[in-house]
1. Identify, please: which residue in the range 33-53 is touching a helix residue (DSSP H, G or I) at 6+ places or on another chain (Cβ under 9 Å) and crowded, with 19+ Cβ neighbours inside 10 Å and is, among those, farthest from G12 (Cα to Cα)?
2. Working only within the range 3-19, note down all residues that are of a type in the set (A, V, I, L, M, F, W, C) and either at pLDDT below 85 or assigned to a helix (DSSP H, G or I) (or both).
3. Take the conditions in contact with an Asp or Glu (Cβ under 9 Å, 6 or more places away or on another chain), at pLDDT below 95 and not aromatic (F, W, Y) and apply them to I120. Does it pass?
4. Only one of G29, G103 is open to solvent by less than 20 Å² (accessible area, probe 1.4 Å) and not hydroxyl-bearing (S, T, Y); which?
5. Does F91 meet the test of being surrounded by 12 or more Cβ atoms within 10 Å (Cβ to Cβ) and free of Cβ contacts under 8 Å to residues at least 60 places away in the same chain?
6. Step by step: first the residues of the range 75-109, then only those that are β-branched (V, I, T) and over 30 Å from F121 (Cβ atoms), then the one that is modelled with the lowest pLDDT. Which residue is that?
7. Of the residues W110, W24, W81, only one is without any contact (Cβ under 8 Å) to a residue 24 or more places away in the chain, over 10 Å from the mean Cα position of the chain (by Cα) and open to solvent by 60 Å² or more (accessible area, probe 1.4 Å); which?
Amino acid sequence: MNGAKRHILGIGVLYLMVNFPFVWWVKIGITGVGVLKRAKNIDIDMPGVPVPIAFVPAPFVYQIEQALHDLCAPIRCRFYWGSGHTEWFWFPAAAAALVVIGGLWAGYVWLVDYYTGTRIFETLISIFI
């Protein structure tokens, strides 16, 4: 069982991987052991190489992952059988995952600003807008 599911708050890492050289397939998953270790684990069963492109540690990560999987279910693809085979989607699913991952990181930066009185969030927003 995944370490993220065993933790009392469901703390784990939500990640997005792309399959190289088949970049039209992306994986949305969670891990309690680290993204690179997870990529190495699933690489055994699948064609291509999974390359992590985004991640975020989060509480209740299992529920977040399941919500993303439900949202992206119409574009799920199964191109192999083995570890993690149900968590692969066509490339447009990356947009939903990146919004969630980016939103969580933005929330963390905002919290740091709130408690420390810094203006990191405001500075980052001014760069991107």
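The values are calculated or read from the model by the stated rules, or taken from the named source; none is laboratory data. These numbers were taken from a predicted model, which means no experiment stands behind them. Cβ atoms come from the backbone with ideal geometry, glycine included; neighbour counts cover every protein chain shown. Accessible surface is based on the protein model in full, side chains and every heavy atom, while ligands, DNA and RNA are left aside. Shrake-Rupley method; radii C 1.70, N 1.55, O 1.52, S 1.80 Å.
1. As a first pass, look at the range 33-53 and keep what is touching a helix residue (DSSP H, G or I) at 6+ places or on another chain (Cβ under 9 Å): 33, 42, 45-46, 49-53.
Okay, now just the ones that are also crowded, with 19+ Cβ neighbours inside 10 Å, so 42, 46, 50.
On the way: I42: 18, M46: 23, P50: 19 Å.
Per the criteria, the residue is M46.
2. Residues of the range 3-19 that are of a type in the set (A, V, I, L, M, F, W, C), as a first pass: 4, 8-9, 11, 13-14, 16-18.
Within the range 3-19, A4, I8, L9 meet the criteria.
3. Values: in contact with an Asp or Glu (Cβ under 9 Å, 6 or more places away or on another chain): yes; at pLDDT below 95: yes; not aromatic (F, W, Y): yes.
When the stated conditions are applied, I120 passes them.
4. Values: G103 fails: open to solvent by less than 20 Å² (accessible area, probe 1.4 Å).
From the options G29, G103, the qualifying one is G29.
5. Working: surrounded by 12 or more Cβ atoms within 10 Å (Cβ to Cβ): yes; free of Cβ contacts under 8 Å to residues at least 60 places away in the same chain: no.
Judged against the criteria, F91 is not a match.
6. At the first step, the residues of the range 75-109 found to be β-branched (V, I, T) are 75, 86, 99-101, 109.
When the remaining residues are screened for being over 30 Å from F121 (Cβ atoms), the result is 75, 86.
Working: I75: 96, T86: 81.
The extreme case among them is T86.
7. Values: W24 fails: without any contact (Cβ under 8 Å) to a residue 24 or more places away in the chain; W81 fails: without any contact (Cβ under 8 Å) to a residue 24 or more places away in the chain.
From the options W110, W24, W81, the qualifying one is W110.
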